[in-house]
Amino acid sequence: QVQLVESGGGLVQPGGSLRLSCVVSGSIFSSYAMAWYRQAPGKQRELVASITSYGSTKYRDSGKGRFTISRDNAENTVYLQMNSLKPEDTAVYYCKSSYSSYNYWGQGTQVTVSS
């Protein structure tokens, strides 16, 4: 059973930073592509950033230059470093792992950007 557990969310002022973590268990982590999604109230879930099993990354345009996704295969963990946060970044952030046709999701962590 693959399980994903996110952490690191919270309340931060505009311009601040947060680092989200997602620990994956029950899988060969290094073989999985990983991604961070977010969902704001009343909006659809959207892709924020992704990283392949060999480390290639992609970002949503709104996060380019501010967000960095990375992975530590030894720790079975994927990270999302978020800098220069804006109120519009407020959402529940979800971690997803993918292998072949299989996708697994975490429970989400709330990020609130407000003064």
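Once fully extended, how much extra length lies between residue 30 and residue 1, figured as 0.36 nm per residue of separation less the alpha-carbon to alpha-carbon distance? Could the numbers behind the result be given before it?
Details: separation 29, 0.36 × 29 = 10.44 nm, distance 1.61 nm.
Computed gain between residue 30 and residue 1 is 8.8 nm.
Cα-based Rg of the chain per 2.2 N^0.38 Å, rounded to two decimals? Before the final figure, lay out each step's value.
Details: Rg = 13.3 Å, N = 115, 2.2 N^0.38 = 13.4 Å.
Compared with the compact-globule rule of thumb, the chain sits at 1.00.
With r defined as the distance between the Cβ atoms of residue 72 and residue 43 and R0 fixed at 41 Å, what FRET efficiency is calculated, to the nearest 0.05?
On the way: r = 30 Å, r/R0 = 0.74.
Here the calculated transfer efficiency is 0.85.
Please identify every one of the trypsin sites (Lys or Arg not before Pro) in segment 50-103 that sits in a loop by DSSP and has no more than 16 other beta carbons within 10 Å of its own beta carbon. All intermediate terms of the calculation are to be shown ahead of the outcome.
Working: sites: 58, 60, 64, 66, 71, 96; in loops: 60, 64, 66.
When the trypsin sites (Lys or Arg not before Pro) of segment 50-103 are filtered for loop state and at most 16 Cβ neighbours within 10 Å, 60, 64, 66 remain.
Which GluC sites (Glu not before Pro) in segment 42-115 sit in a loop by DSSP (not H, G, I, E or B) and have at most 16 other Cβ atoms within 10 Å of their own Cβ?
Here the GluC sites (Glu not before Pro) that fit, given the DSSP loop and packing criteria, are 75.
Out of 44, 81, 13, any idea which swings most in a Gaussian network model of the chain, alpha carbons joined below 10 Å?
Highest fluctuation among the options: 44.
Between residue 105 and residue 11, with labels modelled 7 Å along Cα→Cβ, what's the label distance in nm to one decimal, could you check?
Result for the modelled spin labels: 2.7 nm.
What do you get for chymotrypsin sites (Phe, Trp or Tyr not before Pro) in segment 10-94 restricted to DSSP loop and a cutoff of at most 12 other Cβ within 10 Å of the site's Cβ? Don't skip to the end; give the middle numbers.
Details: sites: 29, 32, 36, 37, 54, 59, 67, 79, 93, 94; in loops: 32, 54.
Listed in order of number, the matching sites are 54.
All of the numbers you see were taken from the coordinates with simple rules; none came from a lab. Since this is a predicted model, take the numbers as computed values, not measurements. We place every Cβ from the backbone using ideal geometry, glycine too, and count neighbours over all the protein chains shown.
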